[in-house]
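We did not get these values from a lab; they are worked out from the coordinates using the rules stated. Please read all numbers here as calculations on a predicted model, not as lab measurements. Note that each Cβ is placed from the backbone with ideal geometry, even for glycine, and that neighbours are counted across all protein chains shown.
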Amino acid sequence: MYGLRRTGAFFVRKAARLVTLLIAVSILSFSLVSLSPIDPVQAYIGADLMRVGAEQRENIAAYWGLDAPPPERYLRWASAVVRGDLGTSMIYREPVAKVIQEQFFHSLLLMLAAWLMSGVIGFLAGSLAAMKKDSWFDRFIVWYCYTLAATPAFWLGLVLMVVFSVWLGWFPVGMGVPAGVLAEQVTWLDKLEHLVLPAITLSIVGIAPIALHTRQKLIEVLSSDYVLFARARGETPLSIYRRHGLRNIAFPALTLQFASFSELFGGTVLVEHVFSYPGLGEAMVEAGLRGDVPLLLGIVLFSTVFVFIGNAIADFIYRVIDPRLREAQAS
Amino acid sequence: MPLLEIERLAVSFTRYRSRWGKEKVQVLHDVEFSVDAGEVVAVIGASGSGKSLLAHALLGILPENFSASGTIRYRGEPLDAERLKQMRGKEIALVPQSVRFLDPLMRVGAQVRLSVRGDDPYAAQREVFHRYGLAPETENMYPFQLSGGMARRVLVSTATVSGARVIIADEPTPGLQAEDVREALRHFREHADAGCAVLVITHDIESVLTIADRVVVLYAGTTVEIAPAADFTGDGSRLRHPYSRALWQALPQNGFTPIPGTQPQPGKWPSGCLFAPRCDQASPECTFSRPELRTVRAGQVRCIHAHSEDDERGISIDEAASDGI
């Protein structure tokens with residue numbers, strides 16, 4: 001098996017990369033926020049603006065250390081982050097870490113559902129299309145994928161909402177739970193009902209890359225010399241798919257699926273906003289629009305880690321499962 | 001009765017000439033030869049003569065845009081596409097060119113076991129590995145871990161365990177060291193001696209002559225000569241077709257004489273004898289029509305100038321032919 005030492009070295013290397021990546025991302029996003037017209041004091045005061053005088057505002061700024069130059073402010077913020085203190089969200093009036101944790105749990109369900117659905121459906125559709133290359137089914141899949149690859153997620157979400165929620169009334173129009181119901185009385189079924197449309201929107205968009213990739217890869221495999229030899233040995237198309245096709249396309253597909261965490265996260269932000277679904281994406285949009293700088297930066301860092309983990313898993317799968325990489329390194 | 005007989009085999013493919021027009025291009029035509037049980041027949045020819053396609057046509061595994069016509073008989077029974085499908089891997093086995101024909105993500109032992117027709121694949125695979133001097137741990141290796149010689153032995157193993165009576169080897173020797181070449185070819189000879197019909201498709205005339213009984217020479221998609229292997233000797237004067245002789249004389253140890261011109265591309269074949277444009281014996285009648293395959297001195301040849309030994313003393317065939325016309 002894959003050496004324990006190699007696995008350890010792999011994770012140490014990845015961790016080092018993550019640290020440098022986080023430093024780079026934090027500096028970049030902190031600079032962008034500093035340069036943006038967002039005034040944290042104004043964002044904090046909100047509607048009470050008229051009642052707070054200029055002097056008071058300066059006092060607040062001085063209290064927060066906003067009068068210091070940006071590099072100093074960055075260092076103060078970064079050292080707090082390192083100690084595990086991401087600050088307090090102005091919108092939620094709660095520690096940023098807690099907000100992210102709660103919101104991420106809502107998003108996780110949505111992302112997981114969409115991720116699994118798009119992966120499974122995309123893989124099957126791509127496989128079938130390649131097996132029946134140039135048939136009407138294949139043409140349909142390819143047409144569908146190209147069309148959807150060019151469709152923005154938010155627009156698709158709006159269309160689905162109009163059709164299934166407004167016209168047909170099958171699903172609720174938005175939100176994560178029914179309005180006007182006490183939190184204790186919300187059932188799992190309610191939550192599921194609210195999850196369906198956002199999850200479908202997100203997965204419909206996610207199907208295209210995995211289906212196209214799987215189709216292309218399987219066509220390559222089917223025209224390879226080893227499949228020709230399998231045919232010469234008398235193997236049927238189905239057994240060729242099972243024995244040689246799956247083996248050779250599953251890992252690349254899995255890798256692609258893990259590497260797509262960034263698209264998944266980006267799509268979630270849009271879809272949650274369209275459906276007013278209370279998740280991390282929606283929190284990010286709110287934080288951006290209402291100038292909640294600590295929350296915004298916290299989510300940026302969190303999403304960096306999230307996407308990085310996806311990529312690291314993809315990388316790890318390749319190294320551990322593909323014998324060409326595994327045993328070439330071991331020997 | 002020959003185990004495998006091929007008659008007037010033709011292979012063509014369809015290609016798009018323009019946006020709307022398709023055209024059929026012939027790659028192989030009028031290929032004829034047979035292989036007896038216990039015999040090694042070598043098919044030789046330069047690259048581009050259609051050698052690999054011949055192997056694929058015999059197994060019915062041509063690419064989709066290709067079509068084949070003609071007759072392939074196994075033990076006298078004509079094989080149609082359906083019958084061919086049932087036979088391949090069971091009665092007719094392919095020994096492919098290189099390690100690229102093995103699934104890169106499957107252990108080689110498992111791939112050999114896929115070819116076993118009996119009820120104990122493990123025993124059959126281990127026995128054949130032992131027989132070919134492959135260490136027991138080889139079965140757990142992946143194709144990329146095999147050396148060239150090991151890969152050869154694994155590929156031959158797949159044919160051996162299948163118990164097929166007809167073995168078609170497609171270019172079994174390129175890129176191998178001299179020792180591995182001899183060993184690879186010896187395995188084919190052993191199969192023939194055990195009663196199989198073995199067809200070795202190659203451009204390595206020299207090596208294959210050490211095991212072949214008969215040689216089929218392919219040029220521009222057709223058989224130009226079928227000769228006993230013993231005729232490839234000396235200056236090649238016992239060969240019947242000028243192309244076979246030229247091929248023989250082009251070998252380094254036989255004078256290294258190059259043949260002028262190039263083999264015509266499929267679709268651009270001359271109307272008469274295909275070799276006429278490059279042939280130093282070509283006469284006007286060579287360009288009229290394609291010569292039929294005819295028997296000359298225990299071999300067959302597709303050339304109107306070929307003559308048997310008796311004719312050498314009297315009038316030659318070409319004079320007789322031109323008198324006749």
(request) Could you work out, residue by residue across B:111-120, how many beta carbons of other chains sit within 10 Å of that residue's beta carbon, and then give the average as an integer? (result) 2
(message) Placing unit charges on C-beta atoms (Lys and Arg positive, Asp and Glu negative, everything else neutral), compute the dipole magnitude of chain B about its Cα centre in debye, rounded to 20.
(response) 1140
(request) With +1 on each Lys and Arg Cβ and -1 on each Asp and Glu Cβ, and nothing else charged, work out how big the dipole of the stretch A:95-330 is about its Cα centre, in Debye to the nearest 20. (result) 980
(message) Please compute, for peptide B:99-109, the average count of beta-carbon atoms on other protein chains lying within 10 Å of each residue's beta-carbon.
(response) 5
(message) Roughly how far apart, in whole Å, are the Cα centres of the stretch A:55-70 and the stretch A:206-283?
(response) 52
(message) Just to be sure I understand: with springs between alpha-carbon atoms less than 10 Å apart, which residue in B:G21, B:G50, B:G118 has the highest mean-square fluctuation in the Gaussian network model of chain B?
(response) B:G21
(request) Compute the distance in nm between two label points, each set 7 Å from the Cα along the Cα-to-Cβ direction, one at B:R186 and one at A:S31. (result) 7.0
(message) Let me check against my output: what whole-number percent is the relative contact order of chain B, with C-alpha pairs under 8 Å and at least 6 apart?
(response) 19
(message) In the protein assembly as shown, if the dipole is taken from +1 on Lys/Arg beta carbons and -1 on Asp/Glu beta carbons about the Cα centre, which of B:Y74, A:I240, A:M90 is farthest to the positive end?
(response) A:M90
(request) Give the calculated FRET efficiency between B:L251 and B:S18 to the nearest 0.05, with a Förster radius of 41 Å applied to their Cβ-Cβ distance. (result) 0.40
(request) Tell me the chymotrypsin sites (Phe, Trp or Tyr not before Pro) within the stretch A:31-116 that lie in a loop according to DSSP and have at most 11 other beta-carbon atoms within 10 Å. (result) none
(request) Specify whether the C-alpha gyration tensor of the stretch B:41-169 places it in the rounded, prolate or oblate class, a ≥ b ≥ c being the square roots of the eigenvalues: rounded for a/c under 1.5, otherwise prolate if a/b is larger than b/c and oblate if not. (result) prolate
(request) Would you please give the FRET efficiency between A:I23 and A:K132, computed as 1/(1 + (r/R0)^6) with r the Cβ-Cβ distance and R0 = 35 Å, to the nearest 0.05? (result) 0.10
(message) Applying a 10 Å radius around every beta-carbon, put A:202-208, A:164-170 in order of their mean neighbour count, most first.
(response) A:202-208, A:164-170
(message) Just to be sure I understand: if I project the alpha-carbon convex hull of chain B onto a plane and average over all orientations, what area do I get in nm²?
(response) 19.2
(message) What is the angle, in °, between the Cα long axis of helix A:261-274 and the longest principal axis of the Cα atoms in chain A? Nearest 10 is fine, range 0 to 90.
(response) 60
(request) Set the Förster radius R0 to 45 Å, insert the Cβ-Cβ distance between A:T151 and B:E64 as r into 1/(1 + (r/R0)^6), and round the FRET efficiency to 0.05. (result) 0.85
(message) With just the Cα atoms defining each centre, how far is the stretch B:62-94 from the stretch B:215-270? Give it in Å.
(response) 28
(message) Which one, B:P104, B:V215, B:Q86, is farthest towards the positive end of the dipole of chain B when Lys and Arg carry +1 and Asp and Glu -1 on their Cβ?
(response) B:P104
(request) Would you work out which of A:A183, A:P323, A:I299 lies farthest towards the positive end of the dipole of chain A? Charges go on Cβ: Lys and Arg +1, Asp and Glu -1. (result) A:P323
(request) At a temperature of 20 °C and a viscosity of 1.002 mPa s, determine how fast the protein assembly as shown diffuses translationally according to Stokes-Einstein, using the Kirkwood radius over alpha-carbon pairs as Rh; express D in µm²/s, rounded to the nearest whole number. (result) 69
(message) Given the -39500 (n - 2.57) contribution per DSSP H run of 4+ residues, what per-residue ellipticity at 222 nm results for the protein assembly as shown, rounded to the nearest 500 deg cm²/dmol?
(response) -16000 deg cm²/dmol
(message) For the protein assembly as shown, give me the percentage of DSSP beta bridges that are antiparallel, rounded to the nearest 5 percent.
(response) 65
(request) Give me the net charge of A:L202's neighbourhood, meaning all other residues with Cβ under 14 Å from the Cβ of A:L202; Lys, Arg count +1, Asp, Glu -1. (result) -3
(message) As I understand it, the value is the acute angle between the Cα axis of helix A:246-259 and the longest principal axis of the Cα atoms of chain A; what does it come to in degrees, rounded to 10?
(response) 10
(message) With 10 angstrom as the radius, rank A:K217, B:K90 by how many other C-beta atoms surround their C-beta, starting from the fewest.
(response) B:K90, A:K217
(message) Taking 23 Å as the cut-off for C-alpha to C-alpha distance, list the pairs among B:K85/B:K268; A:K132/B:K268; A:K217/B:K22; A:K132/B:K85; B:K24/B:K51 that go past it.
(response) B:K85/B:K268; A:K132/B:K268; A:K217/B:K22
(request) State to the nearest 20 debye the size of the charge dipole of the protein assembly as shown about its Cα centre, where the only charges are +1 on K and R beta carbons and -1 on D and E beta carbons. (result) 640
(request) Would you kindly calculate the translational diffusion coefficient of chain A, applying Stokes-Einstein with the Kirkwood radius from alpha carbon pairs, for 37 °C and a viscosity of 0.692 mPa s, and quote it in µm² s⁻¹ without decimals? (result) 142
(request) Specify the angular offset, from 0 to 90 degrees and rounded to the nearest 10, of the alpha carbon long axis of helix B:148-162 from the longest principal axis of the alpha carbons in chain B. (result) 90
(request) Let me know the Rg and Dmax you get for the stretch B:103-162 when you use only its Cα atoms, in Å. (result) 10.1, 30
